[in-house]
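Step one of this worksheet: look at the structure below.
All of the numbers you see were taken from the coordinates with simple rules; none came from a lab. Only a predicted model underlies this, so the values are computations on that prediction, with no experimental measurement involved. Every residue, glycine as well, gets a Cβ built from its backbone with ideal geometry; the counts of neighbours run over all protein chains shown.
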Amino acid sequence: MTIQYINFLVSATNSAPRSLPESIRQVGNLSAGFCHSWLSNDIPDALTTSEEAFQLFDHIQNEILRHRDEQSKQSAWTSSVFKAALDATVGELLEPATSSEIAFFKSCPLGDARLTLGATTVPLTLAVALNKLKHRSTSTLNFTISSSGAHVLYIFTNAGMNKPDTISRFSVNIFCGACKIAAAAI
């Protein structure tokens, strides 16, 4: 029997573990499966698929942010390909989110997430999206599925660490594409 490294959480070398690209690929596939289940009104399957995806989201954000923290200490960080990948825009951020914007967001039916009409957003970078995933309010997540099939995730993040309440939104497909580029740059 051949001895193989178990590298789901920790790689045998200082490179990105093989599971990071696989986790990103699986999130994309789970997103498609979630959309199919939701639109078919198979809500139990959609919920199970969502739980699986969020376990992978957690792994992805932990790995990429860990590598960011390590590499940001290097002298060449500001001009690195990895930093550029983290600075890519993946969605929109409502920051700060006012109490009325939060109340509106929380009132949206599941699957029909929206921001208030006229909400002023700023670009959401991959690095910020990963942090919002890390610090998300698990009770205040929502999504939409566009007519073209795009799965857009909305994440509410409570204020903390001198940061205001925020609402982020991004297409899971765009997020996964940006994560693939970042993982390749590690």
Between Gln74 and Ser148, the FRET efficiency computed from the C-beta separation at R0 = 30 Å comes out, to the nearest 0.05, as 0.15
Which value, in debye to the nearest 20, describes the size of the charge dipole of the chain about its Cα centre when Lys and Arg Cβ atoms bear +1, Asp and Glu Cβ atoms bear -1, and nothing else is charged?
-> 420 debye
For the chain, with the dipole built from +1 on Lys and Arg beta-carbon atoms and -1 on Asp and Glu ones, taken about the Cα centre, which of Asn162, Leu56, Ser19 lies farthest toward the positive end?
-> Asn162
Cα-Cα P(r), the chain, percent of pairs per 10 Å interval = 9, 35, 35, 17, 4, 1, 0
Using a simple spin-label model with points 7 Å from Cα along the Cα→Cβ vector, what separation in nm is obtained for Lys163 and Val122?
-> 1.2 nm
Semi-axes in Å, largest first, for the stretch 92-186 (Cα gyration tensor, √(5λ)) are 21, 17, 11
Once you've got the Cα coordinates, tell me which of Lys73/Lys180; Lys132/Lys163; Lys83/Lys132 are over 20 Å apart.
-> Lys73/Lys180
From fewest to most C-beta neighbours within 10 Å, the residues Lys132, Lys106, Lys73 line up as Lys73, Lys106, Lys132
Length-normalised contact order of the chain, Cα under 8 Å, at least 6 apart, in percent, tallies to 24 percent
